[in-house]
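First up is the structure itself, then whatever we jot down about it.
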Amino acid sequence: MGTSRNDVEIAYLKSNIGDIYEIQGKFEDALEFLQQSLEMRKVIHCNNPHPNVASSLHSIGLVYQKLGEYTKAMKYYEESLQMERHIHGSNPHPSVASSLHQIGIVYQKQGEYTKAMKYYEESLQMKSHIHGSNPHPAVASSLHQIGCVYQELGEYTNAMKYYEESLQMERHIHSNNPHPAVASSLHNIGAVYQKLGEYTKAMKYYEESLQMKSHIHGSNPHPAVASSLHQIGCVYQEQGEYTKAMKYYEESLQMERHIHSNNPHPSVASSLHQIGCVYQEQE
């Protein structure tokens, strides 16, 4: 029996509902709707490769990634990538580049930096081919992630090169408008300067990032704002300015506790630890 247009629309709606739940952090609900959409799409397209099926696989991979279930995430991303390559052949395509990028993220999360770099670079090459010399958020994102890998490997000169290139592109794209991607690049450049012991420069970038994040999120507590407060506290601590360090750590802790309520969370634990360190260093 054939499928109706109604089935196609229902699968589309289920996919959209799943994506909304994913954005809201309701991952179990997201998986339920995305799996239903995937099964419907497989039936609709008779198990043949199709962009909608590949998209569903990709979305499910993203949910598992956010749940920290990296083996499952990789399984869905790789299945999605294989299907996209079957559909598009050797032609560069945004969906292929996106899957390559996400596989890179999973490898990075698992600490497999060589593999992560391989996928990020392949994704960047494809995105650059697609968008040419035009600044594009997808290209900036790849530059940023390559910078992250270099930073985690302790190759700070290379990290800085990619972060600055990403920041330049993001500023071109978003102009003078505050944007999370710009704020994130500013933050990471600050982190590299901090690692290099250049605290004045680190503070400059952290404060600019904090100002932008505060503008974006207003009075709403947000993990990105809490992270900036925490890092500014770290810079003051490393310079022996304990009163200022404590002020930022406590503000960060208060925000993290508001965000995570009574649920244990690494960022809350980290702030508690750093406050303890400041007390210890002052003895």
### Query
In segment 22-74, which residues are over 30 Å from residue 259 (Cβ atoms), surrounded by 16 or more Cβ atoms within 10 Å (Cβ to Cβ), among the hydrophobic types (A, V, I, L, M, F, W, C) and touching a residue at least 24 places away in the same chain (Cβ under 8 Å)?
40, 44, 53, 54, 57
### Task
Would you list the helices (runs of 4 or more DSSP H) that sit entirely within segment 160-278 and hold 3 or more residues that are surrounded by fewer than 17 Cβ atoms within 10 Å (Cβ to Cβ) and of a type in the set (D, E, K, R)?
199-217, 242-260
### Task
Report yes if some residue within segment 6-21 is surrounded by fewer than 16 Cβ atoms within 10 Å (Cβ to Cβ), at negative phi, aromatic (Phe, Trp, Tyr) and out of contact with any Gly (no Cβ under 6 Å at 6 or more places or on another chain); otherwise report no.
yes
### Query
If we keep just the residues of segment 69-89 that are among the small types (Gly, Ala, Ser) and under 21 Å from the mean Cα position of the chain (by Cα), which is nearest to residue 55 (Cα to Cα)?
80
### Task
Specify which of the listed residues (260, 215, 265) is within 23 Å of residue 166 (Cβ to Cβ) and within 22 Å of the chain's Cα centre (by Cα).
215
### Task
Can you confirm whether segment 111-118 contains a residue that is in contact with an Asp or Glu (Cβ under 7 Å, 6 or more places away or on another chain), closer than 28 Å to residue 186 by Cα and either of a type in the set (Phe, Trp, Tyr) or surrounded by fewer than 22 Cβ atoms within 10 Å (Cβ to Cβ) (or both)?
yes
### Query
Listed residues 161, 201; which is of a type in the set (D, E, K, R) and either touching a strand residue (DSSP E or B) at 6+ places or on another chain (Cβ under 9 Å) or under 21 Å from residue 232 (Cα atoms) (or both)?
201
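Yes/no per residue for (1) out of contact with any Cys (no Cβ under 8 Å at 6 or more places or on another chain); (2) at pLDDT below 95; (3) in a helix (DSSP H, G or I); (4) over 26 Å from residue 141 (Cβ atoms):
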| position | (1), (2), (3), (4) |
| --- | --- |
| 3 | yes, yes, no, yes |
| 14 | yes, no, yes, yes |
| 62 | yes, no, yes, no |
| 65 | yes, no, yes, no |
| 76 | yes, no, yes, no |
### Query
Just checking, how many residues over segment 16-59 are polar (S, T, N, Q), part of a helix (DSSP H, G or I) and within 21 Å of residue 85 (Cβ to Cβ)?
4
### Message
So in segment 83-135, with the set limited to residues that are assigned to a loop (DSSP other than H, G, I, E, B) and of a type in the set (Gly, Ala, Ser), which one is farthest from residue 72 (Cα to Cα)?
### Response
133
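The values are calculated or read from the model by the stated rules, or taken from the named source; none is laboratory data. All figures in this text were calculated on a predicted structure; none of them were measured in a lab. Virtual Cβ from ideal backbone geometry, glycine too; neighbours counted across all protein chains shown.
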